[in-house]
Amino acid sequence: MFGFFKKGGGNEKHPESLDLSKGVDIKMPSFHESVNYMYKKVKEAGLSNVADRYKAMEQVRCKFCKEGVSCQLCSMGPCRITSKTPRGVCGIDAHGIVMRNMLIKANMGLAAYTYHCREAALTLLETAKGNTVYEIKDPSKIDALAQVLGVDTSLPLDKKAEAVAEGVLRSLSENNTSVFVEKLAPESRKEVFRKLGIMPKGPMNELVDSVARSMTNIDGDYITLALAALRNGVASAFGALVPLETIQDALYGTPTPHECTVDFGVLDPDYVNILPNGHEPFVGMALVKLAQDEKFQQMAREAGAKGLRIVGSIETGQEMMARLNCDEVFAGLTSNWISIEYFLSTGAVDAFVMDMNCSLANLKEYADKYTFKLIAVSNIIGVPGSIRLEYEPGNETKVAEEIIKLAVENFKERRNKQKEDVSRFKQKAIVGFSAEAIVNALGGSLDPLLEVIKSGDIKGVVALVNCTSLGNGPQDSMTVQIAKELIKRDILVIGAGCGNAGLQKAGLETLEAVDKYAGPKLAGVCKALGIPPVLSFGTCTDTGRIIMTVVAIANALGVDPSQLPVAVTAPEYMEQKAVIDGFSAVAMGLYTHISPVPPVTGSDKVVKLLTEEVEGLTGGKIAVGDDPVQAADGIEEHIVKKRELLGI
C-alpha cells in the first residue's frame, strides 16, 4: 500500500552560503548554477537577456505604475494620481484605478485559461471522432465530466467523449450559473458566492462582463471591481481549469508518480533536440508519438545524430513530464521561463516549438546565433522570425512531422558549431502527483492523510503555485527558500507552475530532501509513504486540480475549505495567470501569500480590502512579504490557528 520510491541519485550543487534573498545580484541572477553558468556565456556574447534587461529597467521604473495609480485607457490620459491630482480626468480616484488595473490583469489570466480549455475541448472532440493521433487513455475522466454535464455515462466511449467535449464548449459561454461551479463547489462555498454575488456564469461570459466593466466611465468603484475579480477567480478555477485538466488527463493519462530528469543537462548536443515550449501539451505529445517511430529516429541518425529527442520546456514540459517516463525519446525538462535564453544558448537545440504562453519576443537573435528553428504552433503566438505551423486538432501529425524534418535539417547545420558542455547540470525529481495518486498510495482513501493531519505529523498543507521572477531576488530563490522553511516546520508543500521547476532543480522533490530539509514529523510521514516533502502537481493550470483536492479534504472532514489548515503561496508571481489564481484562492477562503508586492500600494483602501476585510467575506485574504522566513511565519501562524479552531 505504501512506498512510492526508494532513494536515488542526482543532486544540484549551488552556493548555499550566499544569501539569495537580498535582491538581484547581476553576477548571480539565479538560484541555479546552470543558469548562472550560461548567463556568463550569454553576457560574454553580448546578447540581450532577461537579467540584464531587468537591471536596466530598474533605473527607469515609474513610481505611479509600481503603486498602481496610473491609467492609460483613454485619450485624455495618461493620468497619475497624486495629492494634487486626486482624481483622473474621468473622475476615478486612486482606489478605483488600482483595483481596475488588477481586474484587467485578472481578465487576461482568465482569458488565457479559457483559451487553453477551449483548445483542450476541441482536441477531445476531434479525438472522439477519430480525427487525431491521440486516444482516450483515462476513460474515468470522461465519466467524471459526463456526470457534471449530464451526459449519459452508458454511451459508447467515443460518443460519450464527443458529447462531453461539446458540453464543455457550451459551458464556457454559459449564460446562467456555471454548471461546474454548481456541481463541484461545496455547498458552504456556494452560499458565500451567492451572498457576495460572485457565483459566475461561464468563463467567456464573465470575460465579456469584466472587460466591458474595465472600460473608461463604467465602473469606478473599487468594491464592485474587486467582486468582479473574485467572480473571475471562481469562473477560472471551476469553469476553465477543472475541465481543462480533466480533459488532458483523459487524453494523455492521469499523472502518476515517477522519476524524471531536469535541468540543462537533459540537452545532449549529439541528438536532434526538439523543445515543445509553453503551456499546452498537444503538439508536444504528438512529437513524442512520432519520435517513437523508428522511421524518424533513423532520419536523425542519417543526419549524423545519435537519435531524436523531445525535451520538455516550461509548462508544456511539465504537462508532458507528469505523464511520460523519461527515456531515450522524452529526455525530461529544461527549466522555467527565465531560463529560456540561457538554455537556448547552449548550442544544443534544433527546434524551439512555441505554443500559447511563455515565449520571449527577442528569441530570433538567439536562433540566428545558436542555429535553431523558432516554430510557432499556436495562432496567438507572435515571436518575430518564427516559422508558423499552427496546430489545429486533426493536423498534429502533419505539424509534428514537419517540425521533425526542420529540426533534422537544422542539426546538419548546427552539429559542427561551438556548444557549451552543460551535461553536469542534471537533477532527478519525482513528478506526476495528483489527488488520485495520493489516494491510491493511501490504499484508496483519504483517511490516512486526514489522520496524520489530525495528529500533527503533517501540521498543514501549502500549495506553492508560482511563476518565477527577478522582482524579489534571483530566479527561484524566494521559491526554494520558502519551501525549505515550510517543510522544516512539518508543513507539506504541493508544487505547481513555473516555480515547480525551481523546486525540482533544487532537489526538493526527491527522497533525499526528506532527511536534508523536512521536519522530523513530516519526514516520518514521507518515509512511510515513500514520497518527497514537496509534491510535484505540475503546472499553473493544475490550480484547479489543487482546489479540487482541497475540496475533497474539506468534504471528508465535513468543513468548509476556509476552515482547513492549508494555505497558498506564490512567492515569485509574475504574470496575469498568477493574478487570477490569487483571486481564485481568496474566493475559496484560502490564506494566500504573494511576492513581490503587487501594484496596489497607491490605494490604502484596496490594500485593506485584500489583506484584511476580504477575510470577513470569503474567509481568505492576501498576505504580502518578500522575506521567506517572515512569510513562512505568517503561513504557519495561520495554519496553527486553523488547527486550534478545529480542535486538532
Checklist outcome for this item: Looking across the range 559-591 at residues that are aliphatic (A, V, I, L, M) and in a strand (DSSP E or B), the single one that is farthest from Val465 (Cα to Cα) is Val566
Item to check | Which numbered condition Met199 fails, given (1) surrounded by fewer than 22 Cβ atoms within 10 Å (Cβ to Cβ); (2) in contact (Cβ under 8 Å) with a residue 40 or more places away in the chain | outcome: (2)
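With the structure loaded, tell me whether Tyr366 is open to solvent by less than 20 Å² (accessible area, probe 1.4 Å) and among the hydroxyl-bearing types (Ser, Thr, Tyr) or whether it fails that test.
Details: open to solvent by less than 20 Å² (accessible area, probe 1.4 Å): yes; among the hydroxyl-bearing types (Ser, Thr, Tyr): yes.
Yes: the conditions hold for Tyr366.
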Next on the checklist: Show me the helices (runs of 4 or more DSSP H) found entirely inside the range 488-551 where at least 2 residues are acidic (Asp, Glu) and either open to solvent by 10 Å² or more (accessible area, probe 1.4 Å) or closer than 21 Å to Asn336 by Cα (or both).
Outcome noted: 512-517
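Step by step: first the residues of the range 554-594, then only those that are in contact with a Cys (Cβ under 7 Å, 6 or more places away or on another chain) and of a type in the set (Asp, Glu), then the one that is least open to solvent (accessible area, probe 1.4 Å). Which residue is that? Outline the logic, then answer.
Let us first name the residues in the range 554-594 that are in contact with a Cys (Cβ under 7 Å, 6 or more places away or on another chain), namely 572-575, 577-578, 581.
If we keep only those that are of a type in the set (Asp, Glu) as well, we get 572, 575, 581.
Working: Glu572: 0, Glu575: 27, Asp581: 18 Å².
Residue satisfying both the conditions and the ranking: Glu572.
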Next on the checklist: Ile223 - would you say it is over 20 Å from Tyr134 (Cα atoms) and in a helix (DSSP H, G or I)?
Outcome noted: yes
Checklist entry - Cβ-Cβ below 6 Å, separation at least six or inter-chain, first residue in the range 206-230 and within 16 Å of Ala94 (Cβ to Cβ), second of a type in the set (Gly, Ala, Ser): which pairs? => result Gly220/Gly96; Tyr222/Gly96
Checklist outcome for this item: Val408 passes all but one of the listed conditions (1) assigned to a helix (DSSP H, G or I); (2) open to solvent by 30 Å² or more (accessible area, probe 1.4 Å); (3) under 25 Å from Thr261 (Cα atoms); the exception is number (2)
Checklist entry - In the range 375-388, what residues are in contact with a helix residue (DSSP H, G or I) (Cβ under 8 Å, 6 or more places away or on another chain), surrounded by fewer than 19 Cβ atoms within 10 Å (Cβ to Cβ) and either part of a loop (DSSP other than H, G, I, E, B) or in contact (Cβ under 8 Å) with a residue 40 or more places away in the chain (or both)? => result Ile380, Val383, Pro384, Gly385
Next on the checklist: Cβ contacts < 6 Å: first residue aliphatic (A, V, I, L, M), restricted to the range 531-545; second residue assigned to a helix (DSSP H, G or I), any location; separation 6+ or different chain. Result?
Outcome noted: Val534/Ala483; Val534/Leu503
Next on the checklist: Considering only residues that are of a type in the set (Phe, Trp, Tyr) and in contact with a Lys or Arg (Cβ under 9 Å, 6 or more places away or on another chain), which ones fall in the range 565-616?
Outcome noted: Phe583, Tyr591
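Any chance you could count how many residues in the range 420-463 are surrounded by 18 or more Cβ atoms within 10 Å (Cβ to Cβ), part of a loop (DSSP other than H, G, I, E, B) and either of a type outside the set (A, V, I, L, M) or under 23 Å from the mean Cα position of the chain (by Cα) (or both)? Give the steps one after another, and end with the answer.
Residues of the range 420-463 surrounded by 18 or more Cβ atoms within 10 Å (Cβ to Cβ): 420, 422, 425-435, 437-438, 441-442, 446, 448-449, 452-453, 457-463.
The next check asks that each one be part of a loop (DSSP other than H, G, I, E, B); those that pass are 420, 422, 425-426, 432-434, 442, 446, 457-459.
When the remaining residues are screened for being either of a type outside the set (A, V, I, L, M) or under 23 Å from the mean Cα position of the chain (by Cα) (or both), the result is 420, 425-426, 432-434, 457, 459.
The number of residues fulfilling the criteria is 8.
If a residue must be of a type in the set (Val, Ile, Thr), over 27 Å from Phe411 (Cβ atoms) and crowded, with 24+ Cβ neighbours inside 10 Å, how many such residues does the range 243-269 contain?
Quick first cut of the range 243-269, residues of a type in the set (Val, Ile, Thr) only: 246-247, 254, 256, 261-262, 266.
Among the residues that remain, those that are also over 27 Å from Phe411 (Cβ atoms) are: 246-247, 254, 256.
In the following step, the residues that additionally are crowded, with 24+ Cβ neighbours inside 10 Å were identified as 246-247.
The qualifying residues number 2.
Is it fair to say Val42 is closer than 23 Å to Asp263 by Cβ and not polar (S, T, N, Q)?
Details: closer than 23 Å to Asp263 by Cβ: yes; not polar (S, T, N, Q): yes.
So Val42 passes the test.
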Checklist entry - Among the listed residues Leu110, Leu103, Leu122, Leu145, which satisfies the condition of being of a type in the set (A, V, I, L, M, F, W, C) and open to solvent by 10 Å² or more (accessible area, probe 1.4 Å)? => result Leu122
Checklist entry - Restricting the first residue to the range 42-53 and requiring it to be open to solvent by less than 60 Å² (accessible area, probe 1.4 Å), which pairs with a second residue that is polar (S, T, N, Q) meet a Cβ separation below 6 Å and a spacing of at least six or different chains? => result Val42/Asn49; Val42/Ser345; Ser48/Asn362
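Looking at the range 148-176, which of the residues that are of a type in the set (A, V, I, L, M, F, W, C) and open to solvent by 60 Å² or more (accessible area, probe 1.4 Å) is nearest to Ala120 (Cα to Cα)? Step through it out loud before you land on a result.
Quick first cut of the range 148-176, residues of a type in the set (A, V, I, L, M, F, W, C) only: 148-149, 151, 155, 157, 161, 163-165, 168-169, 172.
When the remaining residues are screened for being open to solvent by 60 Å² or more (accessible area, probe 1.4 Å), the result is 155, 157.
On the way: Leu155: 21, Leu157: 17 Å.
Step by step, filter the range 148-176, then rank; the result is Leu157.
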Checklist entry - Looking at (1) assigned to a helix (DSSP H, G or I); (2) free of Cβ contacts under 8 Å to residues at least 40 places away in the same chain; (3) in contact with a Ser or Thr (Cβ under 9 Å, 6 or more places away or on another chain), which is the one condition that is false for Thr479? => result (2)
Checklist entry - If we scan the range 24-35, do we find a residue that is at pLDDT 95 or above, under 30 Å from Asn217 (Cα atoms) and either open to solvent by less than 30 Å² (accessible area, probe 1.4 Å) or among the aromatic types (Phe, Trp, Tyr) (or both)? => result no
Checklist entry - Is it the case that the range 220-238 has a residue that's open to solvent by 10 Å² or more (accessible area, probe 1.4 Å), modelled with pLDDT of 95 or more, farther than 30 Å from Ala351 by Cβ and among the basic types (Lys, Arg)? => result yes
Item to check | Odd one out for Gln318, checked against (1) touching a Phe, Trp or Tyr at 6+ places or on another chain (Cβ under 7 Å); (2) buried (at least 24 other Cβ atoms within 10 Å of the Cβ) | outcome: (1)
Checklist entry - Is it the case that some residue within the range 615-625 is without any contact (Cβ under 8 Å) to a residue 12 or more places away in the chain, of a type in the set (D, E, K, R) and either in a loop (DSSP other than H, G, I, E, B) or closer than 22 Å to Ile198 by Cα (or both)? => result yes
Checklist entry - Does Ala400 fit the bill of being over 24 Å from the mean Cα position of the chain (by Cα), touching a residue at least 60 places away in the same chain (Cβ under 8 Å) and open to solvent by less than 10 Å² (accessible area, probe 1.4 Å)? => result yes
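The values are calculated or read from the model by the stated rules, or taken from the named source; none is laboratory data. Please read these numbers as outputs of a predicted model, since none were measured by experiment. Positions of Cβ are backbone-derived with ideal geometry, glycine not excepted, and every protein chain shown enters the neighbour counts. All accessible areas refer to the heavy atoms of the entire protein, side chains included, with ligands and DNA or RNA removed. Shrake-Rupley method; radii C 1.70, N 1.55, O 1.52, S 1.80 Å.
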